[in-house]
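Step one of this worksheet: look at the structure below.
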Amino acid sequence: MLSMSTNNLSYNDQGGTDSAVEVGQETTPTSSNAGAGFGLFSADFKKNDDLKEMLESNKESLKLEAMKRIVGLIAKGKNASELFPAVVKNVASKNTELKKLVYVYLVRYAEEQQDLALLSISTFQRALKDPNQLIRASALRVLSSIRVLIIVPIMMLAIKEAASDMSPYVRKTSAHAIQKLYSLDPDQKEHLIEVIEKLLKDKSTLVAGSVVMAFEEVCPDRIDLIHKNYRKLCNLLVDVEEWGQVVIISMLTRYARTQFTSPWKEDSVFDEHSVRAFYESDEEKTRDETEAKAYVMDPDHRLLLRNTKPLLQSRNTAVVMSVAQLYWHLAPKNEVSIVTKSLVRLLRSHREVQYIVLQNIATMSIQRKGMFEPYMKSFYVRSTDATHIKSLKLEILTNLANEANISTILREFQTYVKSQDKQFAAGTIQAIGRCATNISEVTDTCLNGLVLLLSNRDETVVAESVVVIKKLLQTQPTQHSDIIKHMAKLFDNITVPMARASILWLMGEYCERVPKIAPDVLRKMAKSFTSEEDIVKLQTVNLAAKLYLTNSKQTKLLTQYILNLGKYDQNYDIRDRTRFIRQLIVPNDKSGALSKYAHRILLAPKPAPVIQSAYKDRDRYQLGTLSHTINTKASGYLELSDWPAVAPDQSVRNVEVIEPVKEWAPSLGKTGKSKPAKSSDDKFYSDSGEEEEEEEGSGSSSSDDSSSSSEESGSDAESSVEKNSSQSSEESDKSSSQSEKSSSESDTEKKKRKTKKPLQKKTVKPTAKDSDSDENRNVAKEARSSSAEESSSDSESDSDTDADSGTEHKKKTKSKAKPKVEVKSNEEVSLLNLDDFTPAPVTQLKSSVLSPSLLGDLEGLCLSNVSSTIQVSGPAFVPEKSHDLLHRMTGKGLSAQYQFPRQPCLYQPTMVSVQISLTNTSDHPLEQIHIGDRSPTGLNIHCFNTIECLEPEASVTVSMGIDFNDSTQAANFQLCTKEDHFSVSIQPAVGELFLPITMTELDFHKEQGKLLGMNESSATITMAAENMTSQPISRPVATVANLGVVPSGQDNVHRFAGKTASSGAVVLVTVELRELSTALITINTEKSVMGSMLLRDLKQALAQA
Amino acid sequence: MIHSLFLVNSSGDIFLEKHWKSVVSRSVCDYFFEAQERASEPENVPPVIPTPHHYLISVLRHSIYFVAVIQSEVPPLFVIEFLHRVVDTFQDYFGVCTEAAIKDNVVVVYELLEEMLDNGFPLATESNILKELIKPPTILRTVVNTITGSTNVGEQLPTGQLSVVPWRRTGVKYTNNEAYFDVVEEIDAIIDKSGSTITAEIQGVIDACVKLTGMPDLTLSFMNPRLLDDVSFHPCVRFKRWEAERILSFIPPDGNFRLLSYHVSSQNLHPLRSTSLVAIPVYVKHNITFREGSSQGRFELTLGPKQTMGKGVEAVLVSSQLPRGVLNTNLNPTQGTYTFDPVTKLLSWDVGKINPQKLPSLKGSMSLQAGASKPDENPTINIQFKIQQSALSGLKVNRLDMYGEKYKPFKGIKYMTKAGKFQVRT
């Protein structure tokens, strides 16, 4: 120890002087005065000296002060490396801030002082085992930031360990560390890929962004690692933090381009198909199948598009841009335009953001005018815009110009031409030129306008006009000798070399059209030749040569004079040109065959220049990338591949290998269990915090694997055959209304989450698959079958998705038995339903036809003890209470009452069914009773069919469905008769918004474990004495809320479970009876609002009963 | 991703540098300085500058350039957005984001930058989380820290980082529970010479200041949510709920935040008539003439309110960049004060409140450079104004409800219309 410190000391001294010199060097260049430089130098030296003392003192505050000053030095870019030994001793300090600052220092200088840096390693190794996750994470962060090659094995070990840490935060850090280690030692690639592979399977939203980043940096070509995680990533995307979203989206864009077929070729495929069908009717059937694939979008492709769309609303401009580019590169042509609005919105953001967004819009607008044309006015230039913004806007306006809007655009350009920013004015003239060439209708107008500009006072404007006119004239020279004459007249006043050169060139090129003027111009040029700019001289020589060939009589002498002047010019280019021209045009004995062709060489018809955008073809780079911005390939740019002609096997994305739980800490396997469900839940964010709480739970990881990757249907089914069936179910889902889709999505997900219990008991029936598509979607049907069979068949569809590896094999073989037929039928279904918005599919129709009788059957059924395998059970109790909807006085004879039958709604699973009995108390028949306007407008009501006529004194009961969206807000709508309409409202009690579910006690505990903290509300009440036995307890509870009874092992604890109708959030109620007739009511639900309302109602009911 | 960050002040000095990977020499900034020299205005420096080995992406805020050094492909917006987030954070911490403030708080700045990026990839950018990791400096805390030796660095991982609501701190407590919402709309418009509107659109934001105890769950509903068809949200807003019901439902971050921003263009106000426009609350009558050969020019400007729904137009400020040929002006305002800077040729007229009975005007003559030709463009006039208690688009908040907590919060909502980029071409 002693020897080491002396060592340090001596090293110190050395380091001190070293750095003193360095500091001195750094300061001297800035100050011209050497003395001042020296003064500074000595002061710095002093300062550093006392820093060392401070660091070695015993006082924490002094050390901290010293470190703060050192950080100040680092920030200024001063060298403070000589303090390394003194600083590194404090690495194990108890003071957090001091420690952090030491870390900052260490990371900055470790590379330079490798040996000394090693002293700190053991501290970090210890900290890696700290119980505090923040300390573990920061230790890993610093350890991996120390760029010392010797510790690579230590880092590797630490990363591997951290990758299976309990805390997602630490795992995130380990993903970052992967990249650091890779840049330090690329040889570790193989090992690192293993870690990445492991982390990719992580289901925490916190980790996803970072690990994809690591993937992009270390092994972007290992697309095979993504397959299994593709669907999970898509589903998690909304909940990932914004920076991660950007990275994931750009990775998925590349992925999708390699895995899916192009959605752009639809038309061509159609043609091809019809032709073939015509000739080869024999093979039609087989063709049909292969061709069909070409224009059915892979559901995974659709999944990606759908899940990224909401992110267009992100406040982060980078996220919006990345979604925009994803749509640009992946979406079918007709869907791309949904990004327009969001992109235009970004234009209000900071100047730098505008710049990038405008660049991308410029590229897009070349290919797709239509996308941005309605927003043309958003690209109008303001005088306060920065120059590069102005020119980009100009570019876009030019791209957008067409026959219809050109007059508006030209009027706008007129204002710009007058701008005080001359660079911008010149740009505008070029833009006018481009408009003129692109739109032939306005060419003449533009030309005239440009000619007017020739008399402008500003040189740059004139010059630019001349150049543009020259280009325009070249495209159609015949009619425009007037303009050429006009330009010749202006020639004397124009001083800008480029413009003069252009005019001269025009003269020469069209000298035959202006036979009188051209020689005169040449005469003037001969006079001023020596004082002209090089470019003008060159064109003068050209003009002379051309005139010599066409009009040698008048210009022979002039030409010779100019050629002589050129011969002795200072510029070798001009001398060279002169020599060449002389040989070419003046025939002499030495000139060979070439001079014969002089006329053809010089006066050959020249193709008109193409005036085109600088942004043409820029989309060879992926939009939104750095490479696109700078228009060259940036290092590390990953090429976007072309669509494959044939889609690679889609089944690779099916998650079939169930990860054994052992490899991960058991807790980790579970972390994401509820996560994927939530991502598509109506919550916009998910609970990453829950993970910690879930950790103690157990269960097979198979179910979470499958549920994570599944989209709303059972698309994670194991075999590709099943894949198809799920596809069809998805199609049918799509066809139902939009809102239903979103909510039912979450619904099934939720179900899936809980299906893990059925799978232990159930055997998979081969028929399961057939019902798959219907069942998944239609809870109503489920309920029917559950009541009819009182068995578990209703959730078979779920069970086979959730089947663990054991049953899976069996099933696979079974499903293989009849795949042929199935594939076909499924594909037909999806073909038919190609359109997203075709009206309700058959299944739904059927169920609603059946509904009245079914409802009758279900009524009065009291399934308080349903088998535990059933998901949504029948109501435990249906209160008879009905509420007044419309009194007969206000209803002019029509009276209406409503009640909640507590049945799962048949129309849409997210709706609450309401039964309305209408009675006609008046003396005349009421006609056409139906539902009219509703508010809020978004309210989703399934109306009853219009009642054509209701006789006096007759009454009728109808049922309708209302999606209350899990809120107790009243649903207001109008009840209309032929003559009148009455505003009515249905205000549900909170208890009516649930659907009862049953589960085992074990599952109840598990669910409860996930819903602690802010999701839990509880209260203690004093119970009425008669409520102290089990049976009466469930009665008041069931009266208040539509919950299912969970069998309980303890006598004094009663449990009830349900889920909210709309979002399917689980609601758990526990009533625990205690001494002295008190009871503890606990409610666990993520819908905390509903939870507290339910609690209030329950308190009331139990206390008063 | 982001390799290093340099902070450059307006005179071209690097006053702070931070490296997240190995150190990049500050000489890389020379390319930036070159571009800076080439640009006529500070704003004209291109945001992306390629150099042989690196790429420089910069933003300019508060006359400080934040220059990020990038080594390989990364979406430029990613970097730009992050840099702006850094500036916002500084502003949040120090009140202002100036060179002096950054230099004074260099340690906090460094700690912040350290937390915000790990290996160049954003780690924690949410203000509420950062504030738990690193406490913002206050005078009181500085004093306490020096006496007790405690630090302003948090020791625990902020719970938000891992929780359902990463943007909200846990354990928030207030004695006065209040939630204020400001609906601020800015109108961007270009008015042409004849007074007709070329383009007009409204950019609105709802800024919130929420100081509520515990975990409140708020819902905000609008009278006319259909106006909002182009919106972006704070991550706290439940998107699905908005899609379904057009209700903003969210657990708010603690303190100030921007709940949403929206865009109302003339098109989506009236979907059928594409030409119909956003109501313009002021009009300008102007007569600015330069005569050929004369060294005098006339300048007349009158402002008046229109379509303001009875609300007064306040804080009116007119500014105009006069042509280079103008030497001086001799103008008479009927109210307010005007200034003309002969060097920058910037005319500004602080009008104050517009009285509809007696319209403010500015009249007089301009003296031009003798012999100089008549400027070919009349100056554009930029106008700023405010209208209190009204949102131009007509957006109205219906109600604010709170769930999840028992107390009754104090709720407030304020409307305001401002001129954004409001230009009149003459």
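The values are calculated or read from the model by the stated rules, or taken from the named source; none is laboratory data. Small disclaimer: the values here were computed from a predicted structure and weren't measured. In this analysis, Cβ positions are derived from the backbone assuming ideal geometry, glycine residues included, and neighbour counts consider all displayed protein chains. These accessible areas exclude ligands, DNA and RNA; they are computed on the full protein's heavy atoms, side chains included. Shrake-Rupley method; radii C 1.70, N 1.55, O 1.52, S 1.80 Å.
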Qualifying residue in the range B:130-149 (condition: open to solvent by less than 10 Å² (accessible area, probe 1.4 Å), touching a Ser or Thr at 6+ places or on another chain (Cβ under 9 Å) and either modelled with pLDDT of 75 or more or among the aliphatic types (A, V, I, L, M) (or both))
yes
Which one of the conditions (1) more than 14 Å from chain B (Cβ to nearest Cβ); (2) more than 27 Å from B:Ile251 (Cβ to Cβ) does A:Leu995 fail to meet, given that it meets all the rest?
(2)
Is there a residue in the range A:370-380 that is surrounded by fewer than 23 Cβ atoms within 10 Å (Cβ to Cβ), out of contact with any Ser or Thr (no Cβ under 8 Å at 6 or more places or on another chain) and of a type outside the set (Asp, Glu)?
no
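Residue-wise test of (1) within 18 Å of B:Arg425 (Cβ to Cβ); (2) at pLDDT 90 or above; (3) surrounded by 14 or more Cβ atoms within 10 Å (Cβ to Cβ).
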{"position": "B:Val343", "(1), (2), (3)": "no, no, no"}
{"position": "B:Ile354", "(1), (2), (3)": "no, no, yes"}
{"position": "B:Leu368", "(1), (2), (3)": "no, no, yes"}
{"position": "B:Ser373", "(1), (2), (3)": "no, no, no"}
{"position": "B:Glu377", "(1), (2), (3)": "yes, no, yes"}
{"position": "B:Lys386", "(1), (2), (3)": "no, yes, yes"}
Qualifying position, being facing chain B (nearest Cβ under 9 Å), within 20 Å of the chain's Cα centre (by Cα) and in a helix (DSSP H, G or I), among A:Ser322, A:Ser378, A:Ser349, A:Ser337
A:Ser322
Scanning the range B:234-250 for residues that are open to solvent by 10 Å² or more (accessible area, probe 1.4 Å), hydrophobic (A, V, I, L, M, F, W, C) and modelled with pLDDT of 85 or more, which turns out farthest from B:Gly204 (Cα to Cα)?
B:Ala244
For the range B:47-65, check the following and say yes or no: at least one residue is over 27 Å from A:Val319 (Cβ atoms), facing chain A (nearest Cβ under 8 Å), open to solvent by 10 Å² or more (accessible area, probe 1.4 Å) and within 19 Å of the chain's Cα centre (by Cα).
no
Scope the range B:171-191; condition open to solvent by 40 Å² or more (accessible area, probe 1.4 Å) and either closer than 22 Å to B:Gly394 by Cβ or touching a residue at least 40 places away in the same chain (Cβ under 8 Å) (or both); matching residues
B:Lys173, B:Asn176, B:Glu178, B:Tyr180, B:Asp182, B:Glu186
The range A:968-1011, residues that are modelled with pLDDT of 80 or more, among the hydroxyl-bearing types (Ser, Thr, Tyr) and either open to solvent by 30 Å² or more (accessible area, probe 1.4 Å) or not in a loop (DSSP other than H, G, I, E, B) (or both)
A:Ser983, A:Ser985
Check off (1) more than 14 Å from chain B (Cβ to nearest Cβ); (2) modelled with pLDDT of 80 or more for A:Leu73 and give me the number that stays unchecked.
(1)
Going through A:Leu623, A:Leu565 one at a time, which residue ends up being at pLDDT 85 or above, open to solvent by 30 Å² or more (accessible area, probe 1.4 Å) and either in a loop (DSSP other than H, G, I, E, B) or not charged (D, E, K, R) (or both)?
A:Leu565
Given (1) more than 14 Å from chain B (Cβ to nearest Cβ); (2) under 26 Å from the mean Cα position of the chain (by Cα); (3) at pLDDT 90 or above, where does A:Asp221 come up short, assuming only one miss?
(3)
Within the range B:88-104, can one find any residue that is surrounded by 18 or more Cβ atoms within 10 Å (Cβ to Cβ), under 18 Å from A:Glu242 (Cα atoms) and either free of Cβ contacts under 8 Å to residues at least 60 places away in the same chain or not polar (S, T, N, Q) (or both)?
yes
Being acidic (Asp, Glu) and in contact with an Asp or Glu (Cβ under 9 Å, 6 or more places away or on another chain) is the filter; apply it to the range A:66-121 and report the residue that is surrounded by the most Cβ atoms within 10 Å (Cβ to Cβ).
A:Glu82
Within the range B:194-232, residues closer than 28 Å to B:Thr426 by Cβ, open to solvent by 10 Å² or more (accessible area, probe 1.4 Å), touching a residue at least 60 places away in the same chain (Cβ under 8 Å) and more than 9 Å from every other protein chain (Cβ to nearest Cβ) come out as B:Gly195, B:Thr197
Condition (residue is open to solvent by less than 30 Å² (accessible area, probe 1.4 Å) and part of a helix (DSSP H, G or I)) applied to the range A:473-480: is it met by at least one residue?
yes
For A:Ala501, are the conditions met, namely being farther than 28 Å from A:Asn399 by Cβ and either surrounded by fewer than 19 Cβ atoms within 10 Å (Cβ to Cβ) or more than 14 Å from chain B (Cβ to nearest Cβ) (or both)?
yes
Please return the ranges of strands (runs of 3 or more DSSP E) entirely within the range B:331-426 where 1 or more residues are among the small types (Gly, Ala, Ser), more than 29 Å from the chain's Cα centre (by Cα) and more than 13 Å from chain A (Cβ to nearest Cβ).
B:361-368
Helices (runs of 4 or more DSSP H) within the range A:82-195 that include 2 or more residues within 14 Å of another protein chain (Cβ to nearest Cβ):
A:96-109, A:114-127, A:133-145, A:152-163, A:168-184
For the range A:1019-1035, indicate whether the set of residues that are at pLDDT 80 or above, surrounded by fewer than 20 Cβ atoms within 10 Å (Cβ to Cβ) and within 14 Å of another protein chain (Cβ to nearest Cβ) is non-empty.
yes
